[in-house]
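One structure is given here, and the rest of the page talks about it.
The values are calculated or read from the model by the stated rules, or taken from the named source; none is laboratory data. These numbers come from a predicted model, not from an experiment. Here the Cβ is made from the backbone with ideal geometry for all residues, glycine too, and neighbour counts use every protein chain on show. Just the protein is used for accessible areas: all its heavy atoms, side chains included, with ligands, DNA and RNA removed. Shrake-Rupley method; radii C 1.70, N 1.55, O 1.52, S 1.80 Å.
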Amino acid sequence: MNHNITIKKTENSRLSSVDFDNLPFGRLFSDHMFVIDYIDGEWQEPQIVPYGTIEIEPSNMALHYGQAVFEGMKATKTADGKAMLFRPEQHSRRINASASRLAMPELPESIFLDAVHTLVDLDKGWIPPTEGSALYIRPFMFASDHSVGVRPSSSYKFMIFTCPVGPYYAKPVKLLAETTYVRAAMGGVGEAKAAGNYAAAMLPSLLAQQQGYDQVLWLDAKEFKYVQEVGTMNIFFVIDGKVVTPMLSGTILRGITRNSIITFLKEGGYEVEERRIAIDEIVEAHKNGTLTEAFGAGTAAVISHVASILYMGEEMILPPVEEREIGPWAKSQINGVRSGRLPDAKGWLIEAGQLKGAAVEV
Ligand SMILES: *Cc1c(COP(=O)(O)O)cnc(C)c1O
């Protein structure tokens, strides 16, 4: 499993100057980064080098046509100080699926895993010690041809950097169900973690914030009838004691947190349905008092409880978080397994640097 990653260690580690009690979210970067280039149909030599700038030409294709995909994952520390990764192979498979949709090459899973393990192991001193904190890992790939011709690039850069992040105290979010803008249409790129999806969501999110809402609840692009996602998270509702979440239809990001939560809920004896959910069903359930919970799920916050949803001028207010059962339970399951407080029955946790043959050569 050794791809002979060439490692050039920094001579000026910034680690001793880090104030782990006051981490700026996403603006402080660990000592090293991983980089591998794709040239002439082949992945070149993988390298780990000190975190720093890269040079690109103004004609870099990613800047013009947006061939860029990314991932977001976390490494956490167990109580006894081990650096742990959570389902890293799922992130490898997803970035490859995203890349394929944008006509970009796939990075073999064995290289991805080797890179993440080696980088996190090298910079594990950057994992914040307090529970709820993490080392956020950002793998990404972008076109690196210099050309303004519209076609898939022939060269790409795949990189990974990491940043320590503090505990994410997500307060319950107020949602605005969006009936003007859309996030994803059937046949589009909604299922890919593509940079452009985020660009397209910025104006609607800003407009929602200007009206006093935290996030957009995305509805389908054809009828504005079916619920898709919330902001950059997957959405779950609890109706009549049953957990419902939109099925993966091609427009919904295949969240790894979503998948983990569904697994925990089913094994915990909860009924979970993956299906189409009309916004009218949510309105109805709120009216008759059976809508007891709603929450967003994603790597960053794990779970963000929904405080209220504005739809067509009507505000639906949900019960206070203290009265909720399922969302808090799901969050404690994920955090419990990650911290070592709960047993890892699924084998989802793996210590950084210990590949154990988990990688599959593609
Ligand atoms: C990344 C992302 C998610 C959450 O995925 P996780 O694997 O759980 O982090 C959900 N929706 C969108 C649009 C995303 O980009």
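Numbers below:
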| read-out | value |
| --- | --- |
| Helix 256-267 vs. the chain, principal-axis angle (Cα, 0 to 90°, nearest 10) | 50 |
| Rg ratio (alpha-carbon, reference 2.2 N^0.38 Å) - the range 212-362 | 1.12 |
| Exposure of H286 as accessible area (Å², to 10), given a probe of 1.4 Å and all protein chains | 60 |
| In sequence order, calculated HN-Hα J values of the range 139-144 (Karplus, 6.51, -1.76, 1.60; Hz; x Gly/Pro) | x, 7, 9, 9, 5, 10 |
| Residue-wise HN-Hα coupling along the range 77-88, computed from phi with Karplus coefficients 6.51, -1.76, 1.60 (Hz; x: Gly, Pro) | 9, 7, 4, 8, x, 7, 8, 10, 9, 10, 6, x |
| Accessible surface of the chain, 1.4 Å probe, proportion on carbon and sulfur as whole % | 51 |
| Rounded accessible area per residue of the range 173-324, 1.4 Å, Å² | 43 |
| Cα centroid separation - the range 3-28 against the range 116-182, whole Å | 16 |
| Angle in degrees between helix 109-122 and the longest Cα principal axis of the chain, rounded to the nearest 10 | 80 |
| Charge tally in the Cβ shell below 14 Å around F161, where Lys, Arg are +1 and Asp, Glu are -1, F161 excluded | +2 |
| Proximal charge balance of M316 [Cβ under 11 Å; K/R count +1, D/E count -1] | -1 |
| Relative contact order, percent, the chain [alpha-carbon distance under 8 Å, six or more residues apart] | 19 |
| Rounded to 10°, Cα long-axis angle of helix 326-339 versus longest principal axis of the chain | 20 |
| Coordinate range along principal axes, alpha carbons of the chain, Å, largest first | 62, 53, 37 |
| Helix-only CD estimate at 222 nm, as mean residue ellipticity for the chain, using -39500 (n - 2.57) per DSSP H run (n ≥ 4) | -7000 deg cm²/dmol |
